[in-house]
Amino acid sequence: MKAPLFSSARRCRFVILISGRGSNMQSIVRACREQGWPAEVAAVISNREDASGLQWAASQGIPTRVVPHRDYADRVAFDAALAREIDAFEPDFVLLAGFMRILTEDFVRHYADRLINIHPSLLPLFPGLGTHRQALEAGVAVHGCTVHFVTPVLDHGPIIAQGVVPVMPGDTEEALAERVLGIEHVVYPTVASWLAHGKVSLEAGKVVVRDVADRAFLWSAPAVSLEKCA
Ligand code: GRF
């Protein structure tokens, strides 16, 4: 793995790509500021101008850009334009946070070892869309999310960390999605903080994380109130 581009003299720079509400992006921005990482979110970029997360990022003083995929003839042209916008911000890491586009191999290789994704399942189970429905149909007892390096194969790539939640009796897709999102907001900021502190490396295709207790995050049940027990 290439040495990180940043040093103690230079803060780690993240560019975050979103397509929608950007709640994962918000959780990273908040944690970065509240915990004082040696890092900054240099820009938030979307393929959709109606992505509501853009407004929130702008309200926080973060530069935003839109690269509408419909303006380009094909994926190659779109990815080239997207990469130009991203590279203008000189990121150390590009974080995909609900970015709903399949990326070309050239794009992925351009950001080799610097492109990170969050997927709402315990990979390698349930790649692609509809992960919560897939989990309910499969009858699994646990589900969750995975933060991983991006490789040209969709929803594959070396796993950095995972968050696990239970599947409860009577769960709907929506209820399960909400529980998974809760742990996404723990796992993704934590991984971003590891990246900011230079704790993550790839060795022979496997992720090594130094000086952290655990790469697995387990859901903890909300406290049950005494009234409910009575
Ligand atoms: C998350 O569940 C993420 O794992 C998936 O898309 C959703 C994005 O949510 N890739 P948000 O835009 O971060 O709120």
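Among all residues of the stretch 203-214, there is none that is buried (at least 19 other Cβ atoms within 10 Å of the Cβ) and of a type in the set (Lys, Arg). The residues of the stretch 45-63 that are open to solvent by 50 Å² or more (accessible area, probe 1.4 Å) and of a type in the set (A, V, I, L, M) amount to a single one, Ala58.
Of the listed requirements (1) away from the ligand (no atom under 16 Å from the Cβ); (2) charged (D, E, K, R); (3) open to solvent by 20 Å² or more (accessible area, probe 1.4 Å), Arg101 misses just one: (1). For the condition part of a loop (DSSP other than H, G, I, E, B), within 13 Å of the ligand (Cβ to nearest atom), within 17 Å of the chain's Cα centre (by Cα) and closer than 26 Å to Thr146 by Cα, Arg48 does not qualify. Considering (1) surrounded by 13 or more Cβ atoms within 10 Å (Cβ to Cβ); (2) within 16 Å of the ligand (Cβ to nearest atom), the lone condition that Gly128 does not fulfil carries the number (1).
Val108 passes every criterion in (1) touching a residue at least 40 places away in the same chain (Cβ under 8 Å); (2) farther than 22 Å from Cys145 by Cα; (3) in a helix (DSSP H, G or I); (4) open to solvent by less than 60 Å² (accessible area, probe 1.4 Å) apart from (2). Every condition in (1) within 12 Å of the ligand (Cβ to nearest atom); (2) open to solvent by 30 Å² or more (accessible area, probe 1.4 Å) holds for Leu95 except the one numbered (2).
All of (1) in a loop (DSSP other than H, G, I, E, B); (2) at pLDDT 95 or above; (3) open to solvent by 20 Å² or more (accessible area, probe 1.4 Å) hold for Leu123 with one exception: (3). Only one of the listed residues (Arg33, Arg21, Arg65) is farther than 22 Å from Ala88 by Cβ, modelled with pLDDT of 95 or more and touching a helix residue (DSSP H, G or I) at 6+ places or on another chain (Cβ under 8 Å). That residue is Arg21. Residues that are of a type in the set (Ser, Thr, Tyr), open to solvent by 60 Å² or more (accessible area, probe 1.4 Å) and either within 26 Å of Gly198 (Cα to Cα) or away from the ligand (no atom under 16 Å from the Cβ) (or both) are absent from the stretch 15-34.
Output yes when any residue across the stretch 64-74 is of a type in the set (A, V, I, L, M, F, W, C), within 16 Å of the ligand (Cβ to nearest atom) and surrounded by 14 or more Cβ atoms within 10 Å (Cβ to Cβ), and no when none is. Yes: the stretch 64-74 contains one or more residues that are of a type in the set (A, V, I, L, M, F, W, C), within 16 Å of the ligand (Cβ to nearest atom) and surrounded by 14 or more Cβ atoms within 10 Å (Cβ to Cβ). Being within 15 Å of the ligand (Cβ to nearest atom) and either acidic (Asp, Glu) or in a loop (DSSP other than H, G, I, E, B) (or both) is the filter here, so list the residues in the stretch 137-163 that pass it. Answer for the stretch 137-163, where residues must be within 15 Å of the ligand (Cβ to nearest atom) and either acidic (Asp, Glu) or in a loop (DSSP other than H, G, I, E, B) (or both): Val150, Leu154, Asp155, His156, Gly157. Taking residues in the stretch 169-193 that are touching a residue at least 40 places away in the same chain (Cβ under 8 Å) and among the acidic types (Asp, Glu), and partners anywhere that are away from the ligand (no atom under 11 Å from the Cβ) and open to solvent by 20 Å² or more (accessible area, probe 1.4 Å), the pairs with Cβ atoms closer than 8 Å and at least 6 places apart or on different chains are Glu173/Arg133; Glu173/Leu136. Within the stretch 205-218, residues that are touching a residue at least 12 places away in the same chain (Cβ under 8 Å) have Cβ atoms under 7 Å from residues that are in a loop (DSSP other than H, G, I, E, B) in these pairs: Gly205/Pro158; Lys206/Pro158; Val207/Pro158; Val209/Lys199; Val209/Arg215; Asp211/Lys199; Val212/Lys199, counting only partners at least 6 apart in sequence or on another chain.
The values are calculated or read from the model by the stated rules, or taken from the named source; none is laboratory data. From a predicted model like this one, the values you see are computed outputs, not experimental measurements. Counting neighbours? That spans all protein chains shown, and the Cβs are built from the backbone with ideal geometry, glycine included. We work out accessible area using only protein heavy atoms, side chains counted, and drop any ligands, DNA or RNA first. Shrake-Rupley method; radii C 1.70, N 1.55, O 1.52, S 1.80 Å.
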